[in-house]
1. Of the residues that sit in the range 15-30 and are open to solvent by 80 Å² or more (accessible area, probe 1.4 Å) and touching a strand residue (DSSP E or B) at 6+ places or on another chain (Cβ under 9 Å), which one is nearest to R88 (Cα to Cα)?
2. Would you call K51 of a type in the set (D, E, K, R) and either part of a helix (DSSP H, G or I) or more than 30 Å from K7 (Cα to Cα) (or both)?
3. So is L93 assigned to a helix (DSSP H, G or I), surrounded by 13 or more Cβ atoms within 10 Å (Cβ to Cβ) and in contact with a strand residue (DSSP E or B) (Cβ under 8 Å, 6 or more places away or on another chain) or not?
4. Restricting the range 31-72 to residues that are free of Cβ contacts under 8 Å to residues at least 24 places away in the same chain and over 14 Å from G13 (Cα atoms), which is most open to solvent (accessible area, probe 1.4 Å)?
5. Tell me which residues, restricted to the range 42-67, are among the hydroxyl-bearing types (S, T, Y) and touching a helix residue (DSSP H, G or I) at 6+ places or on another chain (Cβ under 7 Å).
6. Would you check if L81 is modelled with pLDDT of 90 or more, under 30 Å from E14 (Cα atoms), open to solvent by less than 90 Å² (accessible area, probe 1.4 Å) and out of contact with any Asp or Glu (no Cβ under 7 Å at 6 or more places or on another chain)?
7. Mind checking which residues of the range 96-125 are in contact (Cβ under 8 Å) with a residue 24 or more places away in the chain, open to solvent by 70 Å² or more (accessible area, probe 1.4 Å) and not β-branched (V, I, T)?
8. Name every residue in the range 1-30 that is in contact (Cβ under 8 Å) with a residue 40 or more places away in the chain, not charged (D, E, K, R) and not in a loop (DSSP other than H, G, I, E, B), in order of residue number.
Amino acid sequence: MRKNSIKNTRINGEVQKELSRLITTEIKDPRINPMTSVVAVEVAPDLKNAKVYISVLGDEESRQATYQGLKSAASFMRSQLARTINLRNTPELHFIMDQSIEYGVNMSKLIDDVNKGLKDDEKDE
């Protein structure tokens, strides 16, 4: 199975959807921030490993606590994946912190500030 095959893409989507559901509804760890989202999942072609890209909206302390909470809940999530998704092998989950959503929000805020400054300059003239 090639890395970008249709089957692999479908598996990535299913695992991402199920992990998002597990994080929001099943895991009761207080360390995990409620504003945690699964950005992307890359399951290896042999289905042994999965990179799970996680984005947490909050400060650095909240990100680290969420990361530790997810690492400790990885075996529970893996067992739940095995029950809900019928795969030959259930992948081992490796969490990676992703700041792309936060970066996008920050860039959008900067663009809005620049646009506001331009509108204020036009009103002054």
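1. Per the criteria, the residue is K17.
2. In short, no.
3. It is false that L93 is assigned to a helix (DSSP H, G or I), surrounded by 13 or more Cβ atoms within 10 Å (Cβ to Cβ) and in contact with a strand residue (DSSP E or B) (Cβ under 8 Å, 6 or more places away or on another chain).
4. Here the residue is E61.
5. Scanning the range 42-67 gives a single hit, S55.
6. So L81 fails the test.
7. Q99
8. I11, V15, L19, L22, I23
The values are calculated or read from the model by the stated rules, or taken from the named source; none is laboratory data. Owing to the predicted nature of the structure, the values given are computational and were not obtained by experimental measurement. Cβ coordinates were reconstructed from backbone atoms using ideal geometry, including for glycine residues, and neighbour counts include every protein chain displayed. Surface areas here come from the heavy atoms of the whole protein model, side chains and all, with no ligands, DNA or RNA. Shrake-Rupley method; radii C 1.70, N 1.55, O 1.52, S 1.80 Å.
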